[in-house]
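Asks: Attaching a single structure in C-alpha cells format; questions to follow.
The numbers here are math on the coordinates, done by the rules we state, and not lab data. Note that the structure is predicted; figures quoted are calculated from it, not measured. All Cβ positions, glycine included, derive from the backbone under ideal geometry; neighbour counts span all protein chains shown.
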2 protein chains.
Amino acid sequence: MTARGRSSSEPTSATLALRRVAIDTYRENVAYLHRQCELYRAEGFQALSKVEIHANGKRILAVLNVVDDVALVGPDELGLSEEAISTLGSEVGAAVQVSHAEPPASMDAVRRKIEGERLGADDLMAIARDIAERRYAKMEIAAFLVAAGQTGLDRDEVMNLTRAMVAQGERLHWHGDLVADKHCVGGLPGNRTSMLVVPIVAAHGMLIPKTSSRAITSPAGTADTMEVLAEVEVSPKKLHKVVQEERGALIWGGTANLAPVDDILISVERPLGVDYPGQMVASILSKKIAAGSTHLVIDIPVGPTAKVRHMRDALALRKLFEYVADRLGLFAQVIITDGRQPVGRGIGPVLEARDVMQVLRNDPDAPSDLRQKALRLAGRVIEFDPDVRGGDGFDIARDILDSGRGLAKMQRIIEAQGRQRAVYEPGSLVLEVPADSDGTVVSIDNFQMARIARLAGAPMDKGAGVDLLKKLGDRVKKGEALYRVHATFAADFGFAAAQVECSSGYRVGSADEMPEVFAEF
Amino acid sequence: MTARGRSSSEPTSATLALRRVAIDTYRENVAYLHRQCELYRAEGFQALSKVEIHANGKRILAVLNVVDDVALVGPDELGLSEEAISTLGSEVGAAVQVSHAEPPASMDAVRRKIEGERLGADDLMAIARDIAERRYAKMEIAAFLVAAGQTGLDRDEVMNLTRAMVAQGERLHWHGDLVADKHCVGGLPGNRTSMLVVPIVAAHGMLIPKTSSRAITSPAGTADTMEVLAEVEVSPKKLHKVVQEERGALIWGGTANLAPVDDILISVERPLGVDYPGQMVASILSKKIAAGSTHLVIDIPVGPTAKVRHMRDALALRKLFEYVADRLGLFAQVIITDGRQPVGRGIGPVLEARDVMQVLRNDPDAPSDLRQKALRLAGRVIEFDPDVRGGDGFDIARDILDSGRGLAKMQRIIEAQGRQRAVYEPGSLVLEVPADSDGTVVSIDNFQMARIARLAGAPMDKGAGVDLLKKLGDRVKKGEALYRVHATFAADFGFAAAQVECSSGYRVGSADEMPEVFAEF
C-alpha cells in the first residue's frame, strides 16, 4: 500500500476533557459532544450513533447526543453522566478518547432470532455479556425481547439465557447447604407474603436471606413496603451480618449487582408492556441463583385479572420453571394460587406494612386471607427442611406465628437492618368509594386497583394507596363503602379520583356470578 | 363518592416555565425536569417515562430526563429542545403544564402483531398516526418493526401500511397527468443514475420532480451528491418553480415532510440493521405517492453483496411492489439489474458527481457501465410516454445524451435550484490499494467498498470516498492499483486505511470464478 499526502495509516484519536453532565440517563450511557467539536465533524459521528469512550485502558459505550450550548459541554469536552464517569473509572477533567463504536457483535444472533432461528448457549452468553456491558441501546434490547417473545424461546434456550444472565453479575454465597427463598410471579396487589414467610421461616431456623425489588409498574414492591419499617439498602457486609445473626433478611437486591442483565431487560419490558413466559422464568431464576438460593417456592396466582389468567398457562409456566431450575441445580416448588383479587386489605407501602404487622401481632382484625396464604407458603418452605414431615409445614408455621415468635423475629430483623426512623402514615386525603347497588362483590379488578393506588402516589409516596373494606363474596348495600383511596398530595388525589370515575374496579352482582378458580390455595 | 380532607376530584397540573435545552435529540422529544421539581416528586414521574406537555391547547409527548443541575433547568422549569418547542408552538419562558402520558393506544395492535395476528387497515392507520405524532419511543418502534418483520406483513398489510404512511404527511401536487420517477432499492455504491435519468427524461419533456434522501448508512445519497453541484434544500415554492421551468429537479425530500413516518421508522431500522421487504416496499412507495409520482421505475440490483442476493428474492420483491403500487394507483415498472459490483468509478459525493458529469459531457473517460445503466433506466421512464413506441426509449435517451441536450438540461436544473458556490475537490490524502497477485478481478464487495468510503469521511466530507480503477473482469498485475481511497482528515484516513488492512474488498482470481447474474441489465 502506498500512502500519499500527510498522514499515517494508524487510526488517530483526539483527546477531550471529561465533564460531568447532571442528567439522569438511567441505564443507558449518554455522551454529550458539542456540535463544534472538531472530532464530531471530522469523524462523521451522527447524533444518536454509538461511540466508544476510552480512558486509562477502560472503555464504555454511549449514545451520542449533540449539544449546542457551551454551558453544557465545550467544543473540547466530552460530557458524561455521573454514573458513566464512575463506570469508566475516571474523573472530571480527565483526558478521554472517543471513537466510533461497532454495533455489538451479538446483534447478529438477535437478527438470527428475528429470522426464527434457535439460539445456542454461546449466542445467549454473548448477548447477555453485551447487554451487561451496556453495548445494547434500548431499541436493540426491544428487538431482542420481541424476537425472543414472538418465535418464543424453547426451554433449552430459556435455560441457556438464565445461565447467561447469572454469569454476568455478582453471586452471593451463604454458609449452609440449604438457602430457602420464595417468589411470586407478580400481578396481585397487596400480596406481601414475603414479609411474613421470611420471619416465620427464619424463626424455624432456616436460612432465608430474601432480596427483593422495588416496584416498577406496581404500587409497591416488597422492598418498598419493608422500607416503611426498616432500612432495606444495606451493604453486602451488613446483609451477611444480619443473616448470620437472624437467619433471615428482607433487603433491596439492587445494591448487590445480582444478574444485572435482568434489570436492564426489565427497564425495556415494562414500558413496552411485553412479558413473555420464557423471559419471566429466566428473570426470576437468574436473580434467585445469583442470590445464592438453593430451595425456592414459586407462587403463580391465577385469575381473570391476574398476570396469569388461565390454568393451562399456569401449568405450562410451572413446567418451564421446573425444567430450568432442575438443570441449574435449584430446587423449585411451584404452587398455583388463587389470584382472583388482591391479597389482604392494603395496597401501597404503608397500608401493606400495616396488614403484615397485624398478622404478625395476631390482631383479630388482621386480614385472614393474607395470614392463610403466608402460612401455607411458609409451610411449604419449612418442608424443605429434611427433618420436617411432608404436610407438617403449615402447622409449624402457624405455631410460630401464634406463639409470637414470628413477630419477635421480625422485630429482630428490623433492628438488625436498622429500624426506619421516619414514621409513615396513610395519606390524609381520603376518598371513600361506595357500592352502586345492593348485592355481593363478584369481582375486583387487580389491574384497576393497582392503577388507582399508583395514581394516588404509591410507591413513591409511601402513605398513598388503596384500603379495601370489602372483598370477594362480601354482601354490600348500595352506598356502603367498598374501599378508601389515600393520597398525600392534591394532584395525586385528583388523578386517582379521576381514575375511580372511569371504573371503580369492583363489580357488585349476585353470588353465583363469582368466577371459580381451581388453584391449590 | 365522598371526599374527605382538602382536595378536589379534578386532576390538577402545576405550571412550569419553558426553557430551551440545546441538546439535539433528533426525532425523539426529550423533556428535562429538575430532580427537585415539585411536580416530579408529587406526580411520581419516573426517569425515562413518557410525559405529555400542554401549552396553548397544543400538546406533545416527550421522554422525561431528570436533571440535577440548575444551569440546565431549574426546579420550576421544563426543558425542551428547540425542535420540540417549535412543535409545541410555544416560546421560551411560556407557561407549560406536564402530566403523565398514556402509552399510545395503538401499542395494543403492536402487541397483537407480536402475538402473530394480522393487522387491519385501522390498526395500521392508528400506528402510523401515533408514530407521526411522536407518541412512540424508539424501543416501541423497534418492537413494531421486529414484530412486523418476524411474522411478516402479508401483502394487504403492506398496502395498508403504505396507505397509512401516505396519510400522515404532506403531499405534493403537480400539474400534469404523468409524473415520472425512478427509485433504486439501494445497496449499490456509486449507483448515481438518478442524476442522469432526471435531465434526460426532463429533456424529453416529461415531468420528473425527483426528491431524494441523504445517505443514512451509505457513503452518499443522491441529495448528497447533487449538493456538490447545486442547492438541494429548496422550499416547496421554489421546487414548483424549478419543475415548471425545467420539467425536472433533484432535491432533498426532507424539507417537504413527505411520509414522515418513513423517516422515523428508518431512524430505528438503520441502527438496528433490520430491513424487511414489506417495510421497504411501504417506505419507498409511500414516499413516491406523497411526492405526487404517478409512474415509477424501480431498480432492484441483485448480486452476492447487494441488498438483494438471490433472483427468487428479487422476484418476490417485484411482485410485492406491483401488488401494492397497482392498488394505490401508482404505475410501477420493476427492473432487476446487475448488482455484482459498484456502478461507475467514484464512491462518495465528489467522486460520484464527477462520474455523472463525465457521462453528461460525453467524456471518452466516462464510466460506461454508469452510462449504459442510466440510458436503459431513462429509456424505460421515457416509454411511460404514450407517444413513445415500446423499445424506443433507449434510443431516445441516447440521442438526448449524445446531442448534449442532457448536459444542457442538467446545467439549467443546477442554475434553477441554485449553483453550489463552494467548490468541492476529492480529498487530498490518497491511499492506493494494489492487487496482491496477477489475475482477473472476480469480485468486488459492495459492503466493504461502502464501508471504506464511509470511514474515509463520506458523505459528511464530500471529497472523501473511493475511486475504483479496476472493475469486474479487468486483468490486473500484482502491485497494480485497484482503487484509491480519498480522505481530507488524517483521522478518517487512518480509519479507512485500517479497514483496507482488514480486507481490500477485491478478489483477484481466474476469470471463470466470476459470479453470473441473470438480470435484465
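Asks: Assign unit charges at the C-beta atoms only (+1 for Lys and Arg, -1 for Asp and Glu), then state the dipole size of the protein assembly as shown relative to its Cα centre in Debye, rounded to the nearest 20. Present the calculation step by step, with values, prior to reporting the outcome.
Replies: Details: 126 positive and 142 negative charges, 9 e Å.
With only Lys, Arg, Asp and Glu charged at Cβ, the dipole is about 40 debye.
Asks: Normalised by the empirical 2.2 N^0.38 Å for globular proteins, what value does the Cα Rg of segment A:429-513 take?
Replies: Numbers: Rg = 12.6 Å, N = 85, 2.2 N^0.38 = 11.9 Å.
Normalised by 2.2 N^0.38 Å, the Cα Rg of segment A:429-513 equals 1.06.
Asks: Please compute the average number of Cβ atoms from other chains found within 10 Å of each residue's Cβ in peptide B:427-433. It would help to have the intermediate numbers written out before the result.
Replies: Numbers: counts 1, 4, 5, 5, 7, 4, 2.
Counting Cβ atoms of other protein chains within 10 Å of each residue's Cβ and averaging gives 4.
Asks: Give me the angle, in degrees from 0 to 90, between the Cα long axis of helix B:446-455 and the longest principal axis of the Cα atoms of chain B, rounded to the nearest 10.
Replies: 60
Asks: Can I ask one more? Quick check: the distance between the Cα centres of segment A:167-216 and segment B:210-232, to the nearest angstrom?
Replies: 59
Asks: Could you list B:THR222, A:THR15, B:THR25, B:THR294 in order of exposure, starting from the residue whose Cβ has the fewest other Cβ atoms within 10 Å?
Replies: Values: B:THR222 29, A:THR15 14, B:THR25 21, B:THR294 18.
With the fewest neighbours first, B:THR222, A:THR15, B:THR25, B:THR294 line up as A:THR15, B:THR294, B:THR25, B:THR222.
Asks: Using the Cα centre of chain B as origin and beta-carbon charges of +1 (Lys, Arg) and -1 (Asp, Glu), tell me which of B:ALA215, B:ALA109, B:ILE400 is placed farthest towards the positive end of the dipole.
Replies: B:ILE400
Asks: Per-residue HN-Hα couplings for segment A:228-241, Karplus 6.51 cos²θ - 1.76 cosθ + 1.60 at θ = phi - 60°, whole Hz, x for Gly and Pro?
Replies: 3J(HN,Hα) across segment A:228-241, in whole Hz: 5, 9, 8, 4, 10, 9, 10, 5, x, 5, 5, 4, 4, 5.
Asks: What would the Debye formula give as log10 I(q)/I(0) at q = 0.18, 0.19, 0.22 Å⁻¹ for the alpha-carbon point model of segment B:107-168, no solvent?
Replies: Evaluating at q = 0.18, 0.19, 0.22 Å⁻¹ gives log10 I(q)/I(0) of -0.55, -0.61, -0.84.
Asks: Another question, then. Students often forget the sequence filter, so: which lysines lie under 21 Å Cα-Cα from A:LYS58 once same-chain residues fewer than 8 apart are removed?
Replies: Counting by Cα, and skipping residues close in sequence, A:LYS58 has these lysines nearby: A:LYS50.
Asks: Tell me the relative contact order for segment A:442-502 as a rounded percent, counting alpha carbon contacts under 8 Å between residues six or more apart. Before the final figure, lay out the partial values.
Replies: Values: 79 pairs, mean separation 23.6, N = 61.
Computed over segment A:442-502, the figure is 39 percent.
Asks: Arranged by the count of other C-beta atoms within 10 angstrom, fewest first, what order do A:ILE335, B:ILE347, A:ILE251 take? Each step should come with its number before you reach the end.
Replies: Working: A:ILE335 20, B:ILE347 34, A:ILE251 28.
So the ranking, lowest neighbour count to highest, is A:ILE335, A:ILE251, B:ILE347.
Asks: Another question about this same structure. Percentage of Cα-Cα pair distances in segment A:359-444 greater than 14 Å, rounded to whole percent? Working shown, then result.
Replies: Numbers: 2787 of 3655 pairs.
The share of Cα pairs beyond 14 Å in segment A:359-444 comes to 76 percent.
Asks: List the relative contact order of chain A as a percent without decimals, with contacts defined as Cα pairs under 8 Å and 6+ residues apart. Show your work: numbers first, answer last.
Replies: Values: 1101 pairs, mean separation 71.9, N = 521.
Reported relative contact order: 14 percent.
Asks: What's the whole-number percent of alpha carbon pairs in segment A:122-245 lying beyond 19 angstrom? Provide the component values of the computation, followed by the final result.
Replies: Details: 4846 of 7626 pairs.
Cα-Cα pairs in segment A:122-245 separated by more than 19 Å: 64 percent.
Asks: Percentage of Cα-Cα pair distances in segment B:200-293 greater than 15 Å, rounded to whole percent? Kindly include the intermediate steps, with their values, before the conclusion.
Replies: On the way: 2801 of 4371 pairs.
Summing the P(r) tail past 15 Å for segment B:200-293 gives 64 percent.
Asks: To make sure I understand the rule: partners must be lysines, Cα under 17 Å from the Cα of B:LYS471, and not fewer than 8 residues away in the same chain. Which ones qualify?
Replies: Here the lysines satisfying the reach criterion relative to B:LYS471 are B:LYS373.
Asks: For a footprinting-style exposure proxy, rank A:LYS50, A:LYS241 by other Cβ within 10 Å, fewest first. Write out the running numbers ahead of the final one.
Replies: Details: A:LYS50 22, A:LYS241 15.
Going from least to most buried by this count: A:LYS241, A:LYS50.
Asks: According to the square roots a ≥ b ≥ c of the eigenvalues of the Cα gyration tensor, what is the shape class of segment B:15-100, taking rounded for a/c under 1.5, prolate for a/b larger than b/c otherwise, and oblate for the remainder?
Replies: Details: a/c = 1.31, a/b = 1.24, b/c = 1.06.
Note, shape of segment B:15-100 comes out rounded.
Asks: Continuing with this model, one more query. Whole angstrom only: what separates the Cα centroid of segment A:112-166 from the Cα centroid of segment A:284-331?
Replies: Between the Cα centre of segment A:112-166 and that of segment A:284-331, the gap is 19 Å.
Asks: Next question, about the same structure. Using the Karplus curve 6.51 cos²θ - 1.76 cosθ + 1.60 with θ = phi - 60°, work out ³J(HN,Hα) for each residue of segment B:289-304 in order, rounded to whole Hz, and write x for Gly and Pro.
Replies: 5, 5, 7, x, 6, 10, 10, 9, 9, 10, 9, 10, x, 10, x, x
Asks: Also: Please report, in debye to the nearest 20, how large the charge dipole of segment A:180-417 is about its Cα centre when each Lys and Arg carries +1 at its beta carbon and each Asp and Glu carries -1 there.
Replies: Details: 30 positive and 29 negative charges, 45 e Å.
Roughly 220 debye, rounded to the nearest 20.
Asks: Same structure again: Taking Cα atoms, how many degrees apart are the long axis of helix A:405-417 and the longest axis of chain A, rounded to 10 and kept between 0 and 90?
Replies: Approximately 20 degrees, to the nearest 10.
Asks: Distances from A:ALA408 to the same residue in each other copy, label points 7 Å out along Cα→Cβ, in nm, shortest first?
Replies: 10.8
Asks: Sticking with this structure for a sec: Quick one: Cα convex hull volume of the protein assembly as shown, Å³ per residue? Working shown, then result.
Replies: On the way: hull volume 187.8 nm³, N = 1042.
With only Cα atoms used, the protein assembly as shown gives 180 Å³ per residue.
Asks: May I pose another question? Report the semi-axes of the equivalent ellipsoid for chain A in whole Å, largest first, where each axis is √(5λ) for an eigenvalue λ of the Cα gyration tensor. Mind dumping the intermediate values first?
Replies: Details: eigenvalues 405, 143, 109 Å².
So the equivalent ellipsoid measures 45, 27, 23 Å along its semi-axes.
Asks: Take every residue in peptide B:268-274, count the Cβ atoms of other chains within 10 Å of its Cβ, and give the average of those counts.
Replies: Details: counts 5, 1, 2, 10, 10, 7, 6.
What the average comes to for B:268-274 is 6.
Asks: Let me ask another. To test your reading of the geometry: what angle, between 0 and 90 degrees and rounded to tens, separates the Cα axis of helix A:490-502 from the longest principal axis of chain A?
Replies: 70
Asks: Continuing with this model, one more query. Among A:349-361, B:317-329, what's the highest-first ranking by average C-beta atoms within 10 angstrom per residue? It would help to have the intermediate numbers written out before the result.
Replies: Details: A:349-361: 25.0, B:317-329: 17.8.
Output ranking for A:349-361, B:317-329: A:349-361, B:317-329.
Asks: Under 9 Å from the Cβ of B:PRO75, count the other residues' Cβ atoms, weight Lys and Arg +1, Asp and Glu -1, and hand me the total. Working shown, then result.
Replies: On the way: positive: B:ARG35; negative: B:GLU38, B:ASP76, B:GLU77.
Local net charge: -2.
Asks: A further question follows. Amide H to amide H, which residues 5 or more places from B:GLU77 or on other chains are under 5 Å from it, using H placed in the peptide plane?
Replies: Those lying under 5 Å, H to H, from B:GLU77 are B:ALA17, B:HIS34.
Asks: 7 Å along Cα→Cβ for the label point: how many nanometres lie between B:PRO304 and each equivalent label in the other copies, listed shortest first?
Replies: 6.3
Asks: Need one number: nm distance between label points at B:VAL388 and A:ARG421, each 7 Å from Cα along Cα→Cβ, rounded to one decimal.
Replies: With each label point 7 Å from Cα toward Cβ, the separation is 8.5 nm.
Asks: Counting other Cβ atoms within 10 Å of each Cβ, which trypsin sites (Lys or Arg not before Pro) in segment A:407-450 have at most 11 and sit in a DSSP loop?
Replies: On the way: sites: A:LYS409, A:ARG412, A:ARG419, A:ARG421; in loops: A:ARG421.
Within segment A:407-450, the qualifying trypsin sites (Lys or Arg not before Pro) (loop, at most 11 other Cβ atoms within 10 Å) are A:ARG421.
Asks: On to the next question. Quick one: Debye curve from the alpha-carbon atoms of segment A:180-417 only, equal weights, vacuum; give me log10 I(q)/I(0) at q = 0.08, 0.09, 0.12, 0.16 Å⁻¹ to two decimals.
Replies: -0.26, -0.33, -0.62, -1.19
Asks: Further question: To one decimal in nm, how far is B:GLU516 from the same spot in the other copies, if labels go 7 Å from Cα toward Cβ? Please give the shortest first.
Replies: Spelled out, the distances from B:GLU516's label point are 7.0 nm.
Asks: Please average, across the residues of A:132-143, the number of beta carbons from any other chain that are within 10 Å of each residue's own beta carbon, and give a whole number.
Replies: That average works out to 5.
Asks: May I ask you to evaluate 6.51 cos²θ - 1.76 cosθ + 1.60, the Karplus curve with θ = phi - 60°, for each residue of segment B:83-95 and list the ³J(HN,Hα) values in order in whole Hz, giving x for glycine and proline?
Replies: Once rounded to whole Hz, the list reads 4, 5, 4, 6, 4, 6, x, 10, 9, 4, x, 5, 7.
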